[in-house]
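The values are calculated or read from the model by the stated rules, or taken from the named source; none is laboratory data. No experiment lies behind these values; they were computed from the predicted model shown. Neighbour counts run over all protein chains shown; Cβ positions are idealised from the backbone, glycine included.
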């Protein structure tokens with residue numbers, strides 16, 4: 001939706017809130033949701049508790065929205081100077097910073113209310129999860145590895161999913177969590193490659209800047225390492241051919257992403273970032289089909 005076609009009058013503020021929570025761009029929801037679904041289906045051996053699934057999915061929607069709100073609040077002085085972000089609601093003056101903070105608090109409280117429907121371990125794990133989501137936006141000021149911190153925050157749905165489904169967090173959950181952290185490093189570095197020139201100008205740090213001319217190589221090594229961990233997860237879970245079919249499909253998509261970023265063009269790097277949605281989907285499809293195979 002362009003500025004000229006956005007609602008006016010009483011609906012304008014609601015539309016600004018909607019865009020502030022990034023519900024108009026669901027890619028982040030999927031990237032956050034897929035690892036939680038991987039974990040739920042593996043933990044539930046193909047038949048996770050429906051109430052747990054509903055809580056994890058709704059909680060993911062709320063916490064992703066909360067993360068976007070606090071991110072834009074934290075970046076309110078940077079976003080007006082970056083071409084891709086200058087029209088975000090806070091940067092464009094459509095939402096006041098104080099309004100954004102209140103929205104963030106409401107979203108977090110709603111997500112916490114959902115978690116209270118689950119077991120005590122999951123409730124306890126939600127506290128560090130909220131802390132990670134709230135503090136991520138500020139890491140780009142102090143370290144070139146905010147993408148790693150994003151993975152730590154995004155991946156927290158994995159141990160929470162295992163805890164909610166099984167009442168404990170076994171080592172296989174931490175293996176999937178590690179793979180998820182690596183995945184965020186992969187796709188968010190591609191995303192950072194889009195903004196690298198702007199970030200250098202305004203002083204924002206990222207892995208795209210840190211990796212420099214070695215960005216494609218390092219992304220490739222991270223992709224190989226993630227695939228190796230997912231392979232080990234499949235072996236530990238005694239997965240069958242469907243799981244490995246999904247794994248092979250994911251490996252093919254990683255190869256396609258490398259082809260997209262070969263010239264480091266902004267639009268191609270952004271397409272590679274978006275393509276990770278399909279990576280998450282095909283891995284999940286393999287897990288679902290494999291756990292239902294018998």
- Message: Six or more apart or on different chains, Cβ atoms under 8 Å: show the pairs whose first residue is in region 123-142 and within 24 Å of residue 162 (Cα to Cα) and whose second is modelled with pLDDT of 85 or more and exposed (fewer than 14 other Cβ atoms within 10 Å of the Cβ).
- Response: 123/116
- Which numbered condition residue 274 fails, given (1) modelled with pLDDT of 95 or more; (2) within 23 Å of residue 174 (Cα to Cα): (2)
- When the residues of region 48-67 are filtered to those that are surrounded by fewer than 23 Cβ atoms within 10 Å (Cβ to Cβ) and in contact (Cβ under 8 Å) with a residue 40 or more places away in the chain, which remaining residue is farthest from residue 244 (Cα to Cα)? 62
- Message: Please determine whether any residue of region 145-161 is in contact with a helix residue (DSSP H, G or I) (Cβ under 8 Å, 6 or more places away or on another chain) and over 21 Å from residue 30 (Cα atoms).
- Response: yes
- In region 72-94, residues that are assigned to a helix (DSSP H, G or I), touching a residue at least 40 places away in the same chain (Cβ under 8 Å) and surrounded by 19 or more Cβ atoms within 10 Å (Cβ to Cβ) total 3
